[in-house]
Amino acid sequence: MALPSAYAQYNNSKVLTASPGELTLMLYEGAIKFCNIAIVAVEQKDIEKAHIHIVKVEKIIDYLRQTLDMKYPVAQDFERIYSYLSQRLVEANIKKDTEILEEVNGHLRSVRDTWKEVMRLSR
């Protein structure tokens with residue numbers, strides 16, 4: 001029992017000490033992870049699990065949208081990306097479509113990789 005508790009404490013500490021950029025990266029990583037789980041769940045015909053994890057991705061995308069600072073022009077670009085991803089996730093959830101989920105996951109990976117590069121260059 002001590003191991004899960006220690007892991008939870010480590011993860012909590014990681015979140016509490018992360019910079020805003022690192023937190024955003026963690027959100028992208030979480031969305032990718034949950035999207036991967038949803039894809040496997042759809043393939044295994046586990047509709048409930050797929051739904052739960054697609055909704056988790058939707059919530060992360062919604063949070064990212066809500067935290068955009070619209071005074072910066074690039075925020076409009078992110079708003080369009082997030083809006084598109086949200087629409088595709090709803091469609092994927094209705095149809096339980098792995099192709100759509102793979103597409104969304106590809107976009108998430110691309111945005112995450114771009115974010116990592118921005119973080120690297122800004123150091």
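No lab work stands behind these numbers, since they all come straight from the coordinates. Everything numeric in this text was worked out from a predicted model, so none of it was measured. Cβ coordinates were reconstructed from backbone atoms using ideal geometry, including for glycine residues, and neighbour counts include every protein chain displayed.
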query: So which of Ser122, Ser110, Ser83 ends up being small (Gly, Ala, Ser) and in contact with a Gly (Cβ under 9 Å, 6 or more places away or on another chain)?
result: Ser122
task: Determine which member of the set Leu23, Leu85 is closer than 17 Å to Met119 by Cβ and either without any contact (Cβ under 8 Å) to a residue 24 or more places away in the chain or assigned to a helix (DSSP H, G or I) (or both).
output: Leu23
Residues (of a type in the set (Ser, Thr, Tyr), over 17 Å from Lys33 (Cβ atoms) and out of contact with any helix residue (DSSP H, G or I) (no Cβ under 9 Å at 6 or more places or on another chain)) located in the range 76-114: Thr114
task: Scan the range 92-101 residue by residue and report those that are surrounded by fewer than 14 Cβ atoms within 10 Å (Cβ to Cβ) and not aliphatic (A, V, I, L, M).
output: Lys95, Glu99
